[in-house]
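Structure first, commentary second.
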Amino acid sequence: MRVRPRLSLQVTILSLFLIIVVPLTAVIIVANYRLAREGAVDAAGSLVAEVSRTVTAEVEELFQPAANLTVLVPLAPTVADVPAGADHPALALMRGAVAHLPNIASIYLGYEDGGFLRLINFGDARFDAARRAVNGPEDAVYAVQVISTAGAQPVETWHFFGSEDTRLAPPMIRDSGYDPRTRPWFQAATGHDAVVVTRPYVFSSSGETGVTVSRRAGGQLGGVIGVDLTLAVVSEFLADLKAQWAYPLEVAVFDDEGRVIASSLPAPTTDGEFAPVDALGDAGLSAAVAHYFETGAPYDRAVLRTARGRAVAAVHRLPLSLGEGVDTIAIAAPLEGFVGPLLRASVQSVVLSLIVLLLTLPAIFFFSRRLSQPLRRLAAEADRIRNFDLDEPLTLRSRIAEVRDLIHATDLMKATVSTFAKYVPRELVRGILQSDVTPEPGGERRPVTLMITDIEGFTPLSEQLAPEALMHKMSAYLETMVGAVLRQDGTVDKYVGDAIMAYWNAPALQADHAARGCLAALACRDLSDAMNEAWAAKGEAELYTRFGLHSGECIVGNFGSSDRIDFTVVGAPVNLTSRLEGLNKHYGTQVLLSEAVRSVAGGDFVTRPVDIVLPAGAVKPIPVHELLGVRAGTGAAELVPDAVAGDDAIARSDAWRDAYDLYLARDWTAARAAFEAYAARYAGDTLAALYVARVSGFEAMPPHDGWDGVARFDAK
């Protein structure tokens, strides 16, 4: 037999590369062009979003030292002393504060009697306007303003100090018309103990616009401490931040009326009136603020069209602690600054590559087809293996030696995975792979719907049957039950003897997880009944199954060690689900579900209230219901048609609810009559008999006034 030559994959790739190097480069450039364009836009948005969050945090940190001072200064010894001169005990702390925090314009104490003590910072050229406004000496580093109310009229005294706390001139004394109690910072802080920040206003001493961080001092002080920050300082702070960025980003703080409070760009203001954002002349910031007011909500990133092209922008809210009105930051930059050079170079490369590609297109088509076809099929086969689709045999041939080895390895891998799949839930592994869950210990809190089943009298049955017969019966039983769970996209967690534990909403998210759990329970119930009929017809033992359903927040994830883990759910809802399954025996029901399941599953299901219970180990009573079926004509009925509740079941549910409502209303005589009528009409209903006995007891000896209707269970 003639042996076909085996070509090396490396030789094949090199040959094809020499033939199609230029067109292939063009294809790569085209792909890179699209990826670069999308990546540049995405990177621009990410950068702007990150800068926006950083600026928000930085602005908050700008205010934080001032807020800290409002807490620390009142702690100074004898700070509550009435101010009389420039030697007040709090001044040492104030001088230290402005020396180490150069952004602070002034810090002061306002007393409830109208007294006032303020230290004004002249130590920076930014505060020259304040120095000139109070006629301070040129070499003044700070000034102390004292308003004393000891006499008939308030007296205001000014003290000026140079470096090393030297006095520069005799104190200036004059009658005072300033009352701190009428100022916004004083009024905003009274009435609560929180640190507040005023809306921007004009400072009385300097005529500058700024905000005051203030706080009610409390205790013996009986006043308010305030720290001034000028908006010019905030704008300078934003401009300094802007200088650190490599892209042409601009930032503005604006109020709820769209007026600029501070900006990295010069913002015109007149007599304390703030200009609109459009006055900054930056199209990106204007579009960012307009988009914010259109949507009514902050955003991390947005690409907006402006009169000057597209811009990327973000708008964040400042923390509420920074004051009412001064609460929003906008960041914007022209998109061209990010992607322009890259896109222009990519366009030129694409044009050149397309020309070469057209010249070599026939060769590309021929060789790429011969090379890629088996690889595409192998990729598709690998994807089928990933999804545990292992039934179809692999029929693929190739002359390339490496590809043939890869085909053989893939075939062996498929056989190995097929064997391994017998030992783990196939749907669980498929769900984990599709949800990209990392196979390492750890979990997350998530609401799940749980179902636990149990076979009545399994232990005596297992002792009666031969092990082989028991294994055969249980295999058929579990195959049927698990199939019903999987058809509702449930995850079978484990088998505990004859019991099955399954859950929904993990590993993949399922918005309708409660409904899926109910559908699976009904399907399992009907299939179990059908199997029992078949076994009874052959004289074999039946397996009557009870079900418990509950929804609650659990920890979902991988539990175990680093080399052996189990994907499962952990939490109190698991134990409560097991307790609900066990309560079926007490109430004579088959499918018990909690109120958490019934309320979320929707109105497609027919149920009847059973009781309000506090199972063993639980701390909070819960209402429980019996699941009877699905309503005809609903979406659930289409999924599980065999579980549709007939007119008799619905009438039975309605009649039960009427009797149960009388029970809850504590009308014992009427409730007993209703339950007795129900028991007579539906003979053999254990729950009805239980309530007849319970209500008869209450009729003879009514419960105390604090009766809450809860049935408490001490045993599991």
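Summary of computed values
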| quantity | calculated |
| --- | --- |
| Residue check for F160: in contact with a Ser or Thr (Cβ under 8 Å, 6 or more places away or on another chain), of a type in the set (F, W, Y) and open to solvent by less than 30 Å² (accessible area, probe 1.4 Å) | no |
| Number of positions in the stretch 476-517 that are among the polar types (S, T, N, Q) and in contact with a Phe, Trp or Tyr (Cβ under 6 Å, 6 or more places away or on another chain) | 2 |
| Checklist (1) farther than 30 Å from F274 by Cα; (2) part of a helix (DSSP H, G or I); (3) open to solvent by less than 20 Å² (accessible area, probe 1.4 Å); (4) of a type outside the set (S, T, Y) applied to A140, failing item | (2) |
| From S106, S176, residue being under 17 Å from L229 (Cβ atoms) and either among the charged types (D, E, K, R) or surrounded by 16 or more Cβ atoms within 10 Å (Cβ to Cβ) (or both) | S106 |
| Total residues in the stretch 446-491, condition open to solvent by 70 Å² or more (accessible area, probe 1.4 Å), within 29 Å of G571 (Cβ to Cβ) and modelled with pLDDT under 90 | 1 |
| Leading residue by the ranking (farthest from T209 (Cα to Cα)) among those in the stretch 242-264 that are open to solvent by 40 Å² or more (accessible area, probe 1.4 Å) and in contact with a Gly (Cβ under 7 Å, 6 or more places away or on another chain) | Y247 |
| Some residue of the stretch 422-445 being at pLDDT 90 or above and open to solvent by less than 70 Å² (accessible area, probe 1.4 Å) | no |
| Cross-chain or 6+ apart pairs with Cβ under 8 Å, the stretch 536-547 first and closer than 11 Å to K585 by Cα, then among the acidic types (D, E) | T545/D454; T545/E456; R546/D454; R546/E456; R546/E581; F547/E581 |
| Flag for V41 being open to solvent by 10 Å² or more (accessible area, probe 1.4 Å), modelled with pLDDT of 75 or more and part of a helix (DSSP H, G or I) | no |
| Pairs with Cβ under 7 Å, 6+ apart, first in the stretch 169-187 and touching a residue at least 12 places away in the same chain (Cβ under 8 Å), second β-branched (V, I, T) and open to solvent by 50 Å² or more (accessible area, probe 1.4 Å) | I173/V155; D175/V155; S176/V155 |
| Contacts under 6 angstrom Cβ, first residue in the stretch 515-535 being open to solvent by less than 40 Å² (accessible area, probe 1.4 Å), partner hydroxyl-bearing (S, T, Y) and in a helix (DSSP H, G or I), 6 or more apart | none |
| Any hit, the stretch 209-228, residues being open to solvent by less than 20 Å² (accessible area, probe 1.4 Å), part of a loop (DSSP other than H, G, I, E, B), closer than 21 Å to A262 by Cα and of a type in the set (S, T, N, Q) | no |
| So V48, is it buried (at least 18 other Cβ atoms within 10 Å of the Cβ), over 18 Å from V234 (Cβ atoms) and at pLDDT 75 or above | no |
| Search result, residues across the stretch 679-716 that are within 18 Å of L664 (Cβ to Cβ), open to solvent by less than 70 Å² (accessible area, probe 1.4 Å) and either outside any helix (DSSP H, G or I) or touching a strand residue (DSSP E or B) at 6+ places or on another chain (Cβ under 8 Å) (or both) | L687, P703, G706, W707, G709, V710, A711 |
| Output for the stretch 665-676, where each listed residue is free of Cβ contacts under 8 Å to residues at least 12 places away in the same chain and either within 17 Å of T607 (Cα to Cα) or part of a helix (DSSP H, G or I) (or both) | A670, A673 |
| Subset of the stretch 143-154 that is open to solvent by less than 90 Å² (accessible area, probe 1.4 Å) and out of contact with any strand residue (DSSP E or B) (no Cβ under 7 Å at 6 or more places or on another chain) - its residue that is farthest from A99 (Cα to Cα) | G151 |
| Residue list for the stretch 583-600, restricted to those being hydroxyl-bearing (S, T, Y) and over 34 Å from the mean Cα position of the chain (by Cα) | Y587, T589 |
| Qualifying residue in the stretch 74-86 (condition: hydrophobic (A, V, I, L, M, F, W, C), free of Cβ contacts under 8 Å to residues at least 60 places away in the same chain and buried (at least 23 other Cβ atoms within 10 Å of the Cβ)) | no |
| Residue in the stretch 123-138 that is modelled with pLDDT of 80 or more and within 21 Å of A76 (Cα to Cα) present | no |
| Single condition N532 does not satisfy, out of (1) over 20 Å from P641 (Cα atoms); (2) over 37 Å from the mean Cα position of the chain (by Cα) | (1) |
| Criterion violated by P507 - all others in (1) modelled with pLDDT under 90; (2) open to solvent by 40 Å² or more (accessible area, probe 1.4 Å) satisfied | (2) |
| Residue satisfying all of: in the stretch 542-564; closer than 30 Å to H472 by Cβ and aliphatic (A, V, I, L, M); surrounded by the fewest Cβ atoms within 10 Å (Cβ to Cβ) among these | L543 |
| Wholly within the stretch 565-664, strands (runs of 3 or more DSSP E) carrying at least 2 residues that are closer than 14 Å to L687 by Cβ, in contact (Cβ under 8 Å) with a residue 24 or more places away in the chain and open to solvent by less than 40 Å² (accessible area, probe 1.4 Å) | 591-594, 605-614, 622-630 |
| Selection status of G219, at pLDDT 80 or above, of a type outside the set (S, T, N, Q) and either out of contact with any strand residue (DSSP E or B) (no Cβ under 7 Å at 6 or more places or on another chain) or closer than 24 Å to V71 by Cβ (or both) | no |
| Residues satisfying the stated conditions in the stretch 677-688, i.e. free of Cβ contacts under 8 Å to residues at least 40 places away in the same chain and of a type outside the set (K, R) | A677, Y678, A679, A680, Y682, A683, G684, A688 |
| Of all residues making up the stretch 271-295, the number that are open to solvent by 60 Å² or more (accessible area, probe 1.4 Å) and either closer than 30 Å to S204 by Cβ or not aromatic (F, W, Y) (or both) | 6 |
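The values are calculated or read from the model by the stated rules, or taken from the named source; none is laboratory data. All values derive from a computational prediction rather than experimental measurement. Don't worry about glycine lacking a Cβ; one is built from the backbone with ideal geometry, like all the others, and counts go over all protein chains shown. To get the accessible areas, we keep the full protein, side chains included, count just its heavy atoms, and leave off ligands, DNA and RNA. Shrake-Rupley method; radii C 1.70, N 1.55, O 1.52, S 1.80 Å.
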